[in-house]
1. Could you tell me the relative contact order of the range 22-147? Use alpha-carbon pairs under 8 Å, at least six residues apart, and round to a whole percent.
2. Any lysines with Cα under 29 Å of the Lys148 Cα? List them, leaving off those in the same chain fewer than 8 positions away.
3. When the Kirkwood radius is taken over all Cα pairs of the chain, what Stokes-Einstein diffusion coefficient follows at 25 °C and 0.890 mPa s, in µm²/s?
4. If a/c stays under 1.5 just call it rounded; otherwise compare a/b with b/c (prolate if a/b is bigger, oblate if not). Do that for the range 202-282, with a ≥ b ≥ c from the square roots of the Cα gyration tensor eigenvalues.
5. Please report, ordered by residue number, every helix of the chain (full DSSP H runs) that is 18 Å or longer along its axis going by C-alpha atoms and whose mean Kyte-Doolittle hydropathy reaches 1.0.
6. How much net charge surrounds Asp185 when only the other residues with a Cβ under 12 Å from the Cβ of Asp185 are counted, with Lys and Arg +1 and Asp and Glu -1?
7. Which residue, Asn29, Asn228, Asn276, has the most motion in a Gaussian network model of the chain that connects Cα atoms within less than 10 Å?
8. Could you work out how far apart the two model spin labels at Gln211 and Arg239 are, taking each label as a point 7 Å from the Cα in the direction of the beta carbon, and quote it in nm?
Amino acid sequence: MNSLLSMNDLSKDDIIRLIRRALEMKAGNYRPLAERKYVANLFFEPSTRTKASFEMAEKHLGITSLPFDVDHSSVTKGESLYDTCRTMEAIGCDALVIRHGVTAYYDEMEGLGIPIINGGDGSGSHPTQSLLDLMTIYDRFGRFEGLKVVIAGDISHSRVARSNQQALAKLGADVRFSAPEAWQDESIEVPYVSLDDVVEDADVIMLLRVQHERHGNEMDFTKTAYHNGYGMTLKRYQRMKADAIIMHPAPVNRDVEIDGRLIEAPRSVIFEQMNNGVFMRMSVLQEILGSEQ
Ligand code: CP
């Protein structure tokens, strides 16, 4: 694997190999990379989990992370993303982790000679989030084939929904969406369902964050109406199968996508997803920068 830009870059075998290595790493079976490597984490949009877990993953593998603060960089003087990335390559970085608000920003990076790991592009893709989600599902169920997965919420603005739908369909899961009409995406061929109709049958209910920062005035939004229509309420929780799980990429809007009392309920794996994110990002870094373990 050279760069990781979207889940379309990965075959079924690639996904399973990355998951198995991440689970091995979670069990403590890893060593620092044999050669010294340098990575710059370029975050042009806010992040807590993705940025911090890449930094943690880099520390575990003995990779030196270069600090980069957009607001105190020459981006404020108008330097382009491409020139910023070429600069990082010129000073000796071996790979870049990039989050940027422009969908498919990486299309402008053809002259770059080092790998990019996409930490999220606009409403496009978030491949390492998808991989950590898949790792969490695989760790619970040991398979993808035949699993009933419902992805609920702000589908049209969500890079997580797009990445997970691509990957889960490839892996044989039965994926459904549930969303208000204004946030449906007709370019993705997935059936839309009512959460109440599928809650008893679903193995995985994946809730998406309402992305207020990407909205115009496309729909009248009230927290209560959204929660009652598309959120994980206490009533819906009580109707779930005993071994079903609730996922959310976080950050969570408490009492909107999920009742705040359920975030750490037994069927919620939200913090497990975050923990798995460190090991999945180690697995990706190992694949791109390391020799086989
Ligand atoms: N899930 C996720 O990408 O979180 P951050 O925006 O905090 O990185």
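Every number in this text was worked out from the coordinates using simple rules, so none of it is lab data. All of these numbers come straight from a predicted model, not from anything done at the bench. Note that we place each Cβ from the backbone using ideal geometry, even for glycine, and neighbour counts take in every protein chain shown.
1. That works out to 24 percent.
2. Lys12, Lys26, Lys170, Lys223, Lys235, Lys241
3. 125 µm²/s
4. Here the range 202-282 falls in the oblate category.
5. Going by DSSP H runs, there are no hits.
6. -2
7. For the chain, modelled as a Gaussian network with Cα springs under 10 Å, the answer is Asn29.
8. 2.8 nm
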